[in-house]
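Visitor: Here you go, one structure.
The values are calculated or read from the model by the stated rules, or taken from the named source; none is laboratory data. Only a predicted model underlies this, so the values are computations on that prediction, with no experimental measurement involved. FYI the Cβ positions are ideal-geometry reconstructions off the backbone, even for glycines, and counts take in every protein chain you see. The accessibility values were calculated without ligands, DNA or RNA, using every heavy atom of the protein model including side chains. Shrake-Rupley method; radii C 1.70, N 1.55, O 1.52, S 1.80 Å.
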Amino acid sequence: MAILLIRQDGKTPQWLNAFKSQASQIECFDYNEPHPKETITMALVWKQPHGLFEQYKNLKCVASMGAGVDFIFEDPSFHQELLMTRVVDPLLITDMEEFVTAQVYAYMKGLYQYHSQQSLSLWQQNPYLRKKDITIGIMGMGVLGSATAKALSVQGFNVLGWSNSKKQIEGITTYEKVDLNLFLEKTNVLVCLLPLTPDTNGILNESLFSKLPRGAYLIHVARGPHLVGEDLIQSIDKGQMCGAAIDVFPTEPLDTKSPFWGHSKIHITPHCASISSPESVVAQIVVNYNRLTSHQPLLNQVDTLKGY
Ligand code: NDP
Ligand code: OXD
């Protein structure tokens, strides 16, 4: 029995080192190196090339290295007999809370505008917003959305949450799926923390933006395909949206020719809102590997019928 690590962005050595220091007894292989396919029972993946899983006849579980699992569902070689797990990790949660909070304050205080002014040596005070002027609406009130909502609420922000099923969270007004329009009409800073599924693909579009109060701001930290890029640019150009901070893109790295790069009201970060820490995450993978070996239920198992 062994674990196969499949990712192609050069970060595999960090993960292998974390296994070496925390569980040297577990055999782990890098997909990019020769490995005995018949020994593999768990695949630990991040944006794996599609079509590989069927080559591993003893594979039982595909574990995401992150919170999202969209790239596993999209792989035609993933089948219903395989188990799927994802990351639920305290560091991933606090990193996301902090990133979204930082973007909210940067927007409120107009910090991006001062950054542009600095490049022009322009000394100019601009009006800014206060907490009372902002209602933050979070789409997706799961592990990351709920924690981020609570972190903002504790700091005195007015926070709303929208999700498939209604949540009860002290201090936060929550809306269930059918009440999307009610949620949108009260939100002027929209945060997307939805999983990418067929139901949420393209959800951030012109029609949705038109239901927000005029001049709303978008903080998008979920997945690239949630957002219809041209719709955002048009909505900004018309003044319906006043700008956006975007961390995730349909193709990453973002193409150097993308109109987002040069847009003065769009602020880009390279999918860094919250990055899985191998040192922190490997511990739960080891627990799950041992559970898999002893036929016990897994932690953070994804309901493959639900799709996220
Ligand atoms: P969860 O699965 O815990 O939460 C998902 C939430 O979205 C749930 O509240 C769910 O509702 C809601 N939801 C799902 N589908 C719909 C829908 N069609 N309509 C309305 N609500 C819906 O996920 P996490 O919070 O752990 O992660 C969210 C996403 O964040 C990940 O999938 C990933 O894409 C992204 N991410 C981005 C990172 C970055 O660095 N930019 C880092 C980590 C994650 P319900 O509660 O009723 O099921
Ligand atoms: C994740 C991510 O899903 O980093 O964890 O986007």
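Visitor: Quote to one decimal, in nm, the extra length available between S121 and D237 on full extension: 0.36 nm per residue of separation minus the C-alpha distance between them.
Guide: Taking S121 through D237 to full extension adds about 39.2 nm, to one decimal.
Visitor: Do me a favour and compute the ellipsoid semi-axes for the range 222-284 from its Cα gyration tensor, root of five times each eigenvalue, largest one first, whole Å.
Guide: Here the semi-axes work out to 28, 12, 10 Å.
Visitor: Could you sort the peptides 113-119, 214-220 by per-residue average Cβ neighbour count (10 Å cutoff), highest mean leading?
Guide: Per-residue Cβ counts within 10 Å, averaged per peptide and sorted highest first, yield 214-220, 113-119.
Visitor: Okay, moving on. Give the relative contact order (percent, whole number) for the range 158-273; include only Cα pairs under 8 Å separated by 6+ residues.
Guide: 19
Visitor: Measure out, as a whole number of angstrom, how far apart the alpha-carbon centroids of the range 214-261 and the range 267-305 sit.
Guide: 28
Visitor: What length, rounded to one decimal in nm, is gained on full extension from K166 through to L299, with 0.36 nm per residue of separation minus their alpha-carbon distance?
Guide: Extending this stretch completely gives an extra 45.5 nm.
Visitor: Tell me, in nm to one decimal, what length is gained between N201 and S277 on full extension, where the rule is 0.36 nm per residue of separation less the Cα-Cα distance?
Guide: 24.7 nm
Visitor: Given H placed 1.01 Å from N in the peptide plane, which residues other than close sequence neighbours of I219 have an amide H under 5 Å from its amide H?
Guide: When sequence neighbours closer than 5 places are left aside, the close amide H contacts are L190, V191, C192, A245.
Visitor: A follow-up question, please. Divide by every residue of the chain the summed helix terms, -39500 (n - 2.57) for each DSSP H run of at least 4, and state the resulting mean residue ellipticity at 222 nm, rounded to the nearest 500 deg cm²/dmol.
Guide: -9000 deg cm²/dmol
Visitor: Sticking with this one: Using a basic spin-label model with each label point 7 Å from the Cα along Cα→Cβ, how many nm lie between E81 and K265?
Guide: 5.4
Visitor: Let me ask you something else. Divide the volume of the convex hull of the Cα atoms of the chain by its number of residues and quote the answer in cubic angstrom per residue.
Guide: Value for the chain: 150 Å³ per residue.
Visitor: How large is the dipole of the chain about the Cα centre if only Lys and Arg carry +1 and Asp and Glu carry -1, each at its Cβ, rounded to the nearest 20 debye?
Guide: So the dipole magnitude of the chain works out to roughly 720 debye.
Visitor: Could you do me a favour and compute the accessible area per residue for the chain, 1.4 Å probe, result in Å²?
Guide: 49
Visitor: Additional query: So, in nm, how far is label Q25 from label Y128 when the simple model puts each one 7 Å beyond its Cα toward the Cβ?
Guide: 5.5
Visitor: While we're here: For the range 1-83, max minus min Cα coordinate along each principal axis, in Å, sorted largest first?
Guide: 33, 25, 21 Å, listed from the longest principal axis down.
Visitor: Among 4-10, 79-85, how do they line up from the highest to the lowest mean number of other beta-carbon atoms within 10 Å?
Guide: Highest to lowest by the protection proxy: 4-10, 79-85.
Visitor: Taking all protein chains in place and a 1.4 Å probe, what share, in percent, of the accessible surface of the range 267-308 do carbon and sulfur account for?
Guide: Its accessible area is 56 percent carbon and sulfur atoms.
Visitor: Additional query: Order 98-111, 247-260 from most to least packed using the mean count of other Cβ atoms within 10 Å.
Guide: Top of the packing list down: 98-111, 247-260.
Visitor: Tally the DSSP beta bridges in the chain and give the antiparallel ones as a percent, rounded to 5.
Guide: Roughly 5 percent of the beta bridges in the chain run antiparallel, per DSSP.
Visitor: Find, to one decimal place in angstroms, the Kirkwood hydrodynamic radius of the range 159-308, where the mean of 1/r is taken over every pair of different Cα atoms and then inverted.
Guide: 17.5
Visitor: Turning to a different aspect of this structure: For the range 4-146: lysine pairs with Cα atoms under 20 Å, gap of 8 or more or different chains, count?
Guide: For the range 4-146, the number of qualifying lysine pairs is 8.
Visitor: Which lysines have a Cα lying under 16 Å from the Cα of K166, excluding residues fewer than 8 positions away in the same chain?
Guide: The reachable lysines, counting only those whose Cα sits under 16 Å from K166, are K150, K177.
Visitor: Starting from the 7 Å offset along Cα-to-Cβ, what nm value, one decimal, do you get for the label separation of K211 and E98?
Guide: So the label points at K211 and E98 sit 3.4 nm apart.
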